[in-house]
There are 2 protein chains.
Amino acid sequence: MNRILFERDEIDDAGVARVRDARAAHIVNVLHGTVGQTLKTGEVNGLLGTGEITAIAADGEVAVQVHHTDAPLAPWVDLILAPPRPRVMKRLLPQLATLGVGRLVLVGAQKVEKDFWGATLLKEAIYRPLLIDGLMQGAVASRVPEILVRRNFRKFVQNELDALCADAARRIVAHPYADGGARAAEPSRADGRLVLAVGPEGGWTDAEVALLEAKGFARRSLGPRILRTDTATVALLARLAPAD
Amino acid sequence: MNRILFERDEIDDAGVARVRDARAAHIVNVLHGTVGQTLKTGEVNGLLGTGEITAIAADGEVAVQVHHTDAPLAPWVDLILAPPRPRVMKRLLPQLATLGVGRLVLVGAQKVEKDFWGATLLKEAIYRPLLIDGLMQGAVASRVPEILVRRNFRKFVQNELDALCADAARRIVAHPYADGGARAAEPSRADGRLVLAVGPEGGWTDAEVALLEAKGFARRSLGPRILRTDTATVALLARLAPAD
């Protein structure tokens, strides 16, 4: 936690946030917080700033007077992901939030394991805290990535993708087996929002890649090494990030 | 497992490899292997090629006649890493092997948790299979990354680093808090082997960065977002990879 984020309803009218969960424990045990100490704080989906510890109760509750006036960094990429196993997905979610993903569309590509769609991870009560952990790690953003589940890949691409990604100038599909197909150019730092599509462990089918190419997606490979979905996603986001 | 690797002593004089572990289970259950079927195979620290399944025994043993004639991809980067917690490190190790790390030096930077050095993960019997899993995922390399443990960071940098990394043309230190310091240029694809130094979760100390800068390391940041060590390592390797 490089920045403590509070939900709007945890902050009272006087601007005091009160927590008693893992954030309180982190403030006390890791940051060695004491009354009067200043922390980096922010509001989930809101502004960032600082907070001053005003009380640490015997029961573990920590009170922080917050001053939030700074705009957070905006997300720069939407990710269309054929999800890996829930265990891998669970590790990936906080990293996606840290890296600046704005919207995550989980799609039912052919080689996605069918039992993924029953995973408890798909409940907002489970995934939201993981995403907020990622934002607190990254320390510069507050917007919780939006998660959409679209099991019918063809229907999503043909009927919904254009409207959803209207502000995206670049569209790239990760294709580890790209062999002679069109390749995306190196991104310019002036390029706009990106939509990145990452396939399942077994890869996209030819028909799936064709659907995306018909919607203007350019193929992008990460070289001859075959990466796990989670490694490939982080690696591609790193390579495609517009600024560093 | 996108390529099955066999140890030299698992291959007999007639070129037949026999296994009955997770690789055998993968061949039977995931690849639905049958006698006569051809697989991508290779020898650990040796050549790559193909193998033909010659027998699947009732007890699960799989025999494969191998033909290994192709040179594997060579590692392109050495990593000096102030290790994260063992649990995170364990997840990172296969990814490092997949991504082409040749040598991994685990160093005792000041903010490394002291109990890391007692981790069972540091036993070769534990980490070697994880590295080979990573090579089998990547499918194009066979060389097991060498792991060195150097708890005295200053001594390692001052006395050993130059000799160890004599063939490295580029030296880069990841520094998330780089603020106005020298920055590494974008790598050219013609650049030689790289040495990358990645600090602990809490960051390098100023003295540690100074030690590395004195040895020709240029600072490199991944932007304003603060990444976890494992995310940062994968992201930096992706950005610094010479070819894709």
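Miscellaneous remarks
- Placing +1 on the Cβ of every Lys and Arg and -1 on the Cβ of every Asp and Glu, with nothing else charged, gives the stretch A:77-240 a dipole about its Cα centre of roughly 200 debye.
- Near the amide H of B:Val101, within less than 5 Å, lie no amide hydrogens of residues on another chain or at least 5 residues away, with H placed in the peptide plane.
- Backbone HN-Hα couplings from phi across the stretch B:217-230 [Karplus 6.51/-1.76/1.60, Hz, Gly and Pro as x]: 6, 9, 6, 9, 10, 10, x, x, 6, 8, 9, 4, 3, 5
- Note on surface exposure: B:Arg18, A:Arg193, B:Arg170 rank B:Arg18, A:Arg193, B:Arg170 by accessible area, highest first, 1.4 Å probe.
- Computed with a 1.4 Å probe on the full set of protein chains, the accessible area for B:His68 sits at about 40 Å².
- Between copies, the label points of B:Asp12, set 7 Å from Cα on the Cα→Cβ line, lie 7.9 nm apart, reported in increasing order to one decimal in nanometres.
- The Cα trace of the protein assembly as shown gives Rg and Dmax of 23.8, 80 Å, the first to one decimal, the second as a whole number.
- P(r) weight above 15 Å for the stretch A:1-78, C-alpha pairs, percent: 51 percent
- Relative contact order of chain B, pairs being alpha-carbon contacts under 8 Å that are 6 or more residues apart, as %: 19 percent
- Both chains summed, the buried accessible area for B and A stands near 3000 Å², from protein heavy atoms and a 1.4 Å probe.
- Extension gain (nm, one decimal) between A:Leu73 and A:Ala57, 0.36 nm per residue minus Cα-Cα: 2.4 nm
- Taking the C-alpha atoms only, the angle from helix B:86-99 to the longest principal axis of chain B is near 70 degrees.
- Neighbourhood charge, 14 Å Cβ-Cβ cut-off, centred on B:Lys155 and excluding it, Lys, Arg +1 and Asp, Glu -1: +1
- Reported to the nearest whole Å, the Cα centre-to-centre distance from the stretch B:100-123 to the stretch A:212-244 is 29.
- Placing a label point 7 Å from Cα along the Cα-to-Cβ direction at B:Glu52 gives distances to the equivalent points in the other copies of 8.0 nm, listed shortest first.
- Shape call, the stretch B:77-240: gyration tensor on alpha carbons, a/c limit 1.5: rounded
- Distances between equivalent label points of A:Lys90 across the copies, with each point positioned 7 Å along Cα→Cβ, amount to 1.4 nm, shortest listed first.
- Charged neighbours of B:Asp9, selected by a Cβ distance under 13 Å, balance to -3 (K, R count +1; D, E count -1).
- 0 to 90° range, to nearest 10: angle between helix A:124-138 axis and chain A longest Cα axis: 80 degrees
- Cα gyration tensor shape for the stretch B:1-157, rounded if a/c is under 1.5, else prolate or oblate: prolate
- Most positive-pole-ward Cα, A:Gln137, A:Gly51, A:Val66, against dipole of chain A from beta carbon charges: A:Gln137
- Solvent exposure ordering (accessible area, 1.4 Å, most first) of B:Leu148, A:Leu5: B:Leu148, A:Leu5
- Among the protein heavy atoms, those of B:Met1 account for about 60 Å² of accessible surface (1.4 Å probe, every chain in place).
The values are calculated or read from the model by the stated rules, or taken from the named source; none is laboratory data. Worth saying up front: this structure is predicted, and the values here are computed from it rather than measured. Glycine gets a Cβ as well: all are built from the backbone with ideal geometry, and neighbour counts include every protein chain shown. Accessible surface areas use protein heavy atoms only, side chains included; no ligands, DNA or RNA. Shrake-Rupley method; radii C 1.70, N 1.55, O 1.52, S 1.80 Å.
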